[in-house]
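Chemist: Here's a structure for you.
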Amino acid sequence: MTLEYNYPSVAATDFKSDTVTTPTPAMLKAMLTATHGDDVYKEDKTTNDLQERVAVMTGKPAGLFVVSGTMGNQLCLRAHLKQPPYSILCDYRAHVYTHEAAGLAVLSQAMVTPVHPSNGVYLTAEDVAKYLILGNDIHTAPTKVISLENTLGGTIMPIEEIAKISELARRHDLIVHLDGARIWNASAETGVSLSEYGKYFDSMSLCLSKGVGAPVGTVIVGEVEFIETCNWFRKQTGGGIRQAGLLAAAADVAITDHFPHKLKETHQVTQKLAHDLAQLGITFQLPVQTNFIFLDLSKAGISASTLVDEGKKLGITIMGSRIAIHHQITNDSIEKLKLAVKNSIEFARQQRSIGNGHKKPIEGSLAYGIYDKL
């Protein structure tokens, strides 16, 4: 499987994230024919159609277009929570906890219960049950929402485990939210439909500017009253867009043109790249299942700065241990990435041979989640 395109993109050499993709000619053409209604007044047809499309795809009654995945998650969680004290249970690497500028504390006044998955990859119902805060002990902040993320670090949470966690939540009258920034990738890879995933969540945030490649936007979905509350909070936080149709049109094309086939292609390219890197002796922090590879630089004796510098010499952008494959990466860039890794390994060997091995922990050996989803 190869990735080649007949139009130039500045993203062609950029491995730091799948957010870096640029609008395709089809997206730009769609923007020219988008409606120009005022979305704050719910008067834009293109935006309304996109919201309805994603809601139908996920089996939910209503949807709301917002500018980012962070806004989508924070609006959903705030709308679910009524009166503190309360807490949100999530994976310790979850974007809602680690990469949304303390939004849960600032916007929802919520405590967080970060949980380490016992299997090292994804949360299980047993993990969740162990850390639920239930009852009326006035010293605690009871769990009100379980927030799951799929994919997380490029790994897929099995639908069977999601079902078990959802059933556990229902037993205790808890809410379940999905940070589905890359649920498109999970669905494309597993064949599980968005509506099947949707059965187990009260709300979902589906990012459009990552895997499917739209320039801007996320759609959140849930019950009608819930979405109305989110819309209120969207306005309050300055997220109301006037002529949103221009952005919604591009997002609609992104779904049509890239889901699921283009995402499956990027997964195949990622798997091939991981195989080639393993042949060089590289190991990985997590299973490679979709479009992300997390290199174990510490085991390879490579510093993150060395790898970044080797990439720059070859004209490609790398974010340390995290490698993201998207639909605009070219085969030439992938070959350069492999060469950058090979050169970094050789540099590390030379350093060790002359007695200049690392005296301190290798740069970039922090938990991979520090870079996840940016």
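The values are calculated or read from the model by the stated rules, or taken from the named source; none is laboratory data. Remember, it's a predicted structure, so these values are computed and weren't measured experimentally. With ideal geometry, Cβ positions are generated from the backbone for all residues, glycine too; neighbour counts draw on all protein chains shown.
Chemist: Among the residues of segment 258-276, how many are under 17 Å from the mean Cα position of the chain (by Cα) and either of a type in the set (Val, Ile, Thr) or not in a helix (DSSP H, G or I) (or both)?
Modeler: Filtering segment 258-276 down to residues under 17 Å from the mean Cα position of the chain (by Cα) leaves 258-260, 262-264, 266-267, 270.
Going one step further and asking which of them are either of a type in the set (Val, Ile, Thr) or not in a helix (DSSP H, G or I) (or both), we end up with 259-260, 266, 270.
The number of residues fulfilling the criteria is 4.
Chemist: Here's a follow-up. I'd like to know if segment 72-87 contains one or more residues that are of a type in the set (D, E, K, R), within 15 Å of Val253 (Cβ to Cβ) and touching a residue at least 40 places away in the same chain (Cβ under 8 Å). Can you show your working first?
Modeler: Within segment 72-87, the first condition is being of a type in the set (D, E, K, R), and the residues that meet it are 78, 82.
Filter once more, so that each one left must be within 15 Å of Val253 (Cβ to Cβ): none.
Within segment 72-87, none of the residues are of a type in the set (D, E, K, R), within 15 Å of Val253 (Cβ to Cβ) and touching a residue at least 40 places away in the same chain (Cβ under 8 Å).
Chemist: Something else: Can you give me the number of residues within segment 137-171 that are free of Cβ contacts under 8 Å to residues at least 24 places away in the same chain and either in a loop (DSSP other than H, G, I, E, B) or assigned by TED's automatic domain parsing to the domain that holds Pro287 (or both)?
Modeler: 3
Chemist: Of all residues in segment 81-97, count the ones that are more than 16 Å from the chain's Cα centre (by Cα) and either surrounded by fewer than 24 Cβ atoms within 10 Å (Cβ to Cβ) or on the phi > 0 side of the Ramachandran plot (or both).
Modeler: Looking only at segment 81-97, we keep the residues that are more than 16 Å from the chain's Cα centre (by Cα), and these are 81-89.
If we keep only those that are either surrounded by fewer than 24 Cβ atoms within 10 Å (Cβ to Cβ) or on the phi > 0 side of the Ramachandran plot (or both) as well, we get 81-87.
Result for segment 81-97: 7.
Chemist: Tally the residues that are crowded, with 18+ Cβ neighbours inside 10 Å, over 20 Å from the mean Cα position of the chain (by Cα) and not aliphatic (A, V, I, L, M), restricting the search to segment 114-134.
Modeler: Looking only at that region, the number is 1.
Chemist: Right, another one. Considering only segment 304-348, state which residues are in contact with a Leu (Cβ under 8 Å, 6 or more places away or on another chain), among the aliphatic types (A, V, I, L, M), part of a helix (DSSP H, G or I) and over 12 Å from Leu277 (Cβ atoms).
Modeler: Ala304, Leu314
Chemist: If I ask for residues that are assigned to a helix (DSSP H, G or I) and touching a residue at least 24 places away in the same chain (Cβ under 8 Å), which ones from segment 30-43 would you list?
Modeler: Across segment 30-43, the qualifying residues are Ala30, Met31, Asp39, Val40.
Chemist: Can you pull out every residue in segment 187-237 that is more than 19 Å from the chain's Cα centre (by Cα), among the basic types (Lys, Arg) and either outside any helix (DSSP H, G or I) or outside the structural domain of Leu168 (by TED's automatic domain parsing) (or both)?
Modeler: Lys199, the sole residue that qualifies.
Chemist: Now for a different question. State which residue pairs qualify: first residue in the same structural domain as Asp91 (by TED's automatic domain parsing) and within 15 Å of Ile88 (Cβ to Cβ) and inside segment 123-136, second residue part of a helix (DSSP H, G or I) and not aliphatic (A, V, I, L, M) in any location, beta carbons under 8 Å apart, and separation of 6 or more residues or different chains.
Modeler: Note: pairs meeting the criteria are Leu123/Glu161.
Chemist: Residue pairs, Cβ under 9 Å, 6 or more apart or interchain, first in segment 44-63 and more than 17 Å from Asn231 (Cα to Cα), second in a helix (DSSP H, G or I) and hydroxyl-bearing (Ser, Thr, Tyr). List them.
Modeler: Going by the 9 Å Cβ cut-off, the qualifying pairs are Val56/Ser195; Met57/Ser195; Thr58/Ser195; Thr58/Tyr197; Gly59/Ser195; Gly59/Tyr197.
Chemist: Please work out which one of (1) more than 25 Å from Ser209 (Cβ to Cβ); (2) crowded, with 22+ Cβ neighbours inside 10 Å is the condition Ile318 fails and give its number.
Modeler: (1)
Chemist: Read through the list (1) in a loop (DSSP other than H, G, I, E, B); (2) within 20 Å of Tyr122 (Cα to Cα); (3) in contact with a strand residue (DSSP E or B) (Cβ under 9 Å, 6 or more places away or on another chain), then give the number of the only condition that Trp184 fails.
Modeler: (1)
Chemist: Tell me which residues, restricted to segment 109-129, are in contact with a strand residue (DSSP E or B) (Cβ under 8 Å, 6 or more places away or on another chain) and in a helix (DSSP H, G or I).
Modeler: Of everything in segment 109-129, those that are in contact with a strand residue (DSSP E or B) (Cβ under 8 Å, 6 or more places away or on another chain) and in a helix (DSSP H, G or I) turn out to be Asp127, Val128.
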